[in-house]
Amino acid sequence: MAELEDWTAADDALVRRAMATLRRDVESAPMPDPRFVRARGSQLRRRRAIVWTAAAAAAAVVIGAVGFAELGRDQAGPVMPATRTTTTPVPTTTTPVASTSRLPLAAEWEQALRMPAGSVTITPVTKGGGVECGPDLGALTQQDEVHQANSPVSGAAAYWSVPGDVTGALARTSSAVANCQAGPDFVVTKAKDTAFPVYSYATKEAGSGWFVVVPGSSGVALLQLIDPAFNDVASGGFTKDDLVELARIAQVRMNLAPASSAAATTRPPATGATAVDEVMPVSGPDPKPSSKLFVAGSQWTSPGLTAGEKTSAGPGALEGSTAIASCETDQQQAGIGGSVGVVSVRTGTGNASYIGHQRVQLDESTDAVVQKAYVQARLTEAKALYAKGCSFANGTVKSTPGPTDGTYRLDTVFKDGTTPGLSEWVGVTALETPGAVATVVITKASNPNQGFAELDRLLGLARQK
C-alpha cells in the first residue's frame with residue numbers, strides 16, 4: 001500500500017482560501033430582519049432552508065476540492081445555480097385538462113412559466129394557510145403551495161368564491177397587492193399594459209417575485225411566483241408575459257367549474273320581440289363573424305331610442321377599430337383571441353347620424369367546454385373593465401351600473417369644460433350561438449331616461465342570435 005504524502009503548506013493555503021471565500025459569501029448575505037421573518041412566515045422559512053442546503057452543498061464542494069487535489073485537479077468545479085428556462089415564451093391555446101381544481105395544475109405552471117416538465121409539485125393547503133398580500137374576502141375556497149424541484153423557485157395560489165358580481169372583489173384584491181407591505185423593504189410595482197393585473201415585488205434580503213390577480217365567472221384568484229435567488233425581477237428568468245399566460249390558463253380553469261351563484265349564470269328575461277336576420281356590413285379583421293349574429297340594424301328603431309326614426313347599419317366602425325366603448329383600447333382588444341366584428345347603426349346617412357355599435361366576439365374552437373370558458377372569460381373581463389371607469393388626459397369616465405347584470409352607463413366628463421359631457425350605455429351578453437359574446441353600445445338616445453331600457457331591449461334581441 002502506497003504511503004500518503006505529507007500535508008504541505010500549499011494544501012493548507014488551498015483550504016484557507018476556500019474557507020475564507022465561503023465566509024465572505026455568508027457574511028455578504030446577513031440574516032433577515034426578525035420583523036421580516038415574521039411577516040413572510042412559512043414561505044420565508046422554506047427559502048431559508050434552501051439557502052442553508054445550498055451552503056452545505058458549497059462546503060461539500062470545498063472539501064471535495066481538497067480530496068481530489070492529489071488527482072491532478074487544481075480547483076473545485078463551479079456550483080451552478082438552479083436551472084431555469086430562458087427561451088422566449090411561445091403563445092399557446094392549450095385547453096386545461098379536466099379537473100375539479102379552480103387553480104392551475106402542476107403541468108400548467110410548467111407550461112406557462114417554461115419550467116422543465118415534471119419539475120413542479122402542488123401541495124394543497126387545508127388549514128392554517130395565510131395569503132401573502134391577499135385581500136379580506138372571507139374563507140378561502142382553495143389554496144395551493146407550488147414547489148419546483150432542485151430550485152429555490154416556488155409559488156402560491158389562492159381562490160375565493162364570490163357571490164354575484166366579482167368586480168368589487170377584483171378591485172379589493174388588486175388594491176391589497178398594490179399596497180402590500182410584507183416587510184420593511186417590500187416594494188410592489190404594477191406592470192404596464194397587461195391583460196390581467198400583474199405586479200412585481202422586490203426586497204433587499206428575501207429575493208423578488210410576481211403577483212397576478214385573475215377574475216373568474218364566480219370568484220377571484222391570486223397567484224404568486226417567488227424567486228428568492230434575485231433581488232429584482234429584471235435579473236430573474238421570468239417576465240410579466242409569463243404571468244399573463246399563467247393567469248389566462250387560471251381563468252379558463254376557474255370558468256370550467258359550475259358557477260357558485262345563480263346570479264352569475266342567470267340571464268335577464270328575454271324581451272317579447274323576435275330577432276330577425278339582416279345582411280349588413282361587418283367591420284373587423286378577417287375572418288369576421290357573419291352578420292346573422294348581429295341585431296338587425298332595422299330593429300334598433302324605437303320611440304325611446306330614435307323617436308321613431310328608421311335605423312340601418314352603416315359602413316365602417318370607428319375607422320376600423322374594434323374598440324367600441326369608452327375605456328376600451330385597440331391594444332386591449334388586440335389581446336383577445338377569436339374572430340371579431342363590429343356593426344354600426346345610424347338613423348341617416350351622415351357621420352353624425354350614428355347612434356350605436358354592436359360587437360360580436362366568436363371563439364373559433366369546436367370544443368364545447370372551450371367555447372363555454374371563452375364566453376365566461378369575455379363576460380368577466382368586460383364587466384370588470386366597464387365597472388371601474390377610467391381616466392384620460394382631459395377628463396374621466398364615470399361608471400354607473402344598470403338595473404340588469406352586465407349593463408352600465410359611462411359618463412365622460414372633460415376637465416376643461418370646453419366640450420359637453422357625453423353618455424353612453426353599454427352591455428354585454430352571451431348569444432345562443434356557442435362561443436359567441438355580444439357587446440352593445442348606445443351612443444345617442446332620443447330619451448336618455450330610457451337608455452337602460454333600450455339597452456336591455458337590444459341585448460334581449462342579441463341573446464337570440
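Quick notes on this structure:
- Whichever residue in region 127-169 is farther than 24 Å from Cys180 by Cα and not hydrophobic (A, V, I, L, M, F, W, C) and, among such residues, is surrounded by the fewest Cβ atoms within 10 Å (Cβ to Cβ): Asn150
- In region 422-440, the residues that are surrounded by fewer than 24 Cβ atoms within 10 Å (Cβ to Cβ) and either over 23 Å from the mean Cα position of the chain (by Cα) or not in a strand (DSSP E or B) (or both): Leu422, Ser423, Glu424, Leu431, Glu432, Thr433, Pro434, Gly435
- Any pair with Cβ under 7 angstrom, 6 or more apart, that starts in region 274-287 at a residue that is without any contact (Cβ under 8 Å) to a residue 40 or more places away in the chain and farther than 22 Å from Ser321 by Cα and ends at one that is among the charged types (D, E, K, R) and surrounded by fewer than 20 Cβ atoms within 10 Å (Cβ to Cβ): Asp277/Lys292
- Listed conditions (1) modelled with pLDDT of 90 or more; (2) under 29 Å from the mean Cα position of the chain (by Cα); (3) over 30 Å from Met254 (Cα atoms) are all met by Phe452, apart from (2).
- The listed residue being at pLDDT 90 or above and among the charged types (D, E, K, R), out of Arg267, Arg346: Arg346
- Selection of region 359-376 for residues being of a type in the set (A, V, I, L, M, F, W, C) and either part of a strand (DSSP E or B) or at pLDDT below 90 (or both) yields Val360, Leu362, Ala368, Val369, Val370, Ala373.
- Residues in region 447-462 that are surrounded by fewer than 20 Cβ atoms within 10 Å (Cβ to Cβ) and in contact with a helix residue (DSSP H, G or I) (Cβ under 6 Å, 6 or more places away or on another chain) were compared, and the one that is farthest from Thr311 (Cα to Cα) is Gln450.
- Restricting attention to region 183-217, the residues being of a type in the set (Gly, Ala, Ser) and touching a Gly at 6+ places or on another chain (Cβ under 9 Å) number 7.
- Residue ID - surrounded by the most Cβ atoms within 10 Å (Cβ to Cβ), chosen from residues in region 303-358 that are of a type in the set (S, T, N, Q) and assigned to a strand (DSSP E or B): Gln358
- For region 324-346, a residue qualifies if it is among the β-branched types (Val, Ile, Thr) and either in contact with a Pro (Cβ under 8 Å, 6 or more places away or on another chain) or under 23 Å from Lys292 (Cβ atoms) (or both), and the qualifying residues are Ile324, Ile336, Val340, Val342, Val343, Val345.
- If the condition is being within 23 Å of Pro197 (Cα to Cα) and either assigned to a loop (DSSP other than H, G, I, E, B) or touching a residue at least 60 places away in the same chain (Cβ under 8 Å) (or both), then region 104-128 contributes Pro104, Leu105, Glu108, Trp109, Gln111, Ala112, Leu113, Arg114, Met115.
- Residues in region 187-212 that are touching a residue at least 40 places away in the same chain (Cβ under 8 Å) and in a loop (DSSP other than H, G, I, E, B): Ala191, Asp193, Thr194, Ala195, Phe196, Thr203, Glu205, Ala206, Gly207.
- Selection within region 378-398 - without any contact (Cβ under 8 Å) to a residue 60 or more places away in the chain and closer than 22 Å to Asp456 by Cβ: Arg378, Ala382, Leu385, Lys398
- Qualifying residue in region 444-453 (condition: on the phi < 0 side of the Ramachandran plot, touching a strand residue (DSSP E or B) at 6+ places or on another chain (Cβ under 8 Å) and part of a loop (DSSP other than H, G, I, E, B)): yes
- Within region 162-206, the set of residues being among the small types (Gly, Ala, Ser), more than 17 Å from the chain's Cα centre (by Cα) and at pLDDT 90 or above comprises just one member, Ala202.
- Scanning region 137-156 for residues that are closer than 18 Å to Val214 by Cβ, touching a helix residue (DSSP H, G or I) at 6+ places or on another chain (Cβ under 8 Å) and outside any strand (DSSP E or B) returns a single hit, Leu137.
- Every condition in (1) surrounded by fewer than 18 Cβ atoms within 10 Å (Cβ to Cβ); (2) assigned to a helix (DSSP H, G or I) holds for Val177 except the one numbered (1).
- Single residue of region 403-420 satisfying the filter (under 16 Å from Ala445 (Cα atoms) and crowded, with 18+ Cβ neighbours inside 10 Å) that is modelled with the lowest pLDDT: Thr412
- Within region 223-237, residues that are in a loop (DSSP other than H, G, I, E, B) have Cβ atoms under 6 Å from residues that are of a type in the set (S, T, N, Q) and surrounded by fewer than 22 Cβ atoms within 10 Å (Cβ to Cβ) in these pairs: Gly237/Thr86, counting only partners at least 6 apart in sequence or on another chain.
- Matching residues, region 370-423, being farther than 17 Å from Gly335 by Cα and small (Gly, Ala, Ser): Ala387, Gly389, Ser391, Ala393, Gly395, Ser399, Gly402, Gly406, Gly417, Gly421, Ser423
The values are calculated or read from the model by the stated rules, or taken from the named source; none is laboratory data. Just so we're clear, the structure is a prediction, and the values are computed from it rather than from any experiment. Cβ sites come from the backbone with ideal geometry, for glycine too, and all protein chains shown count toward neighbours.
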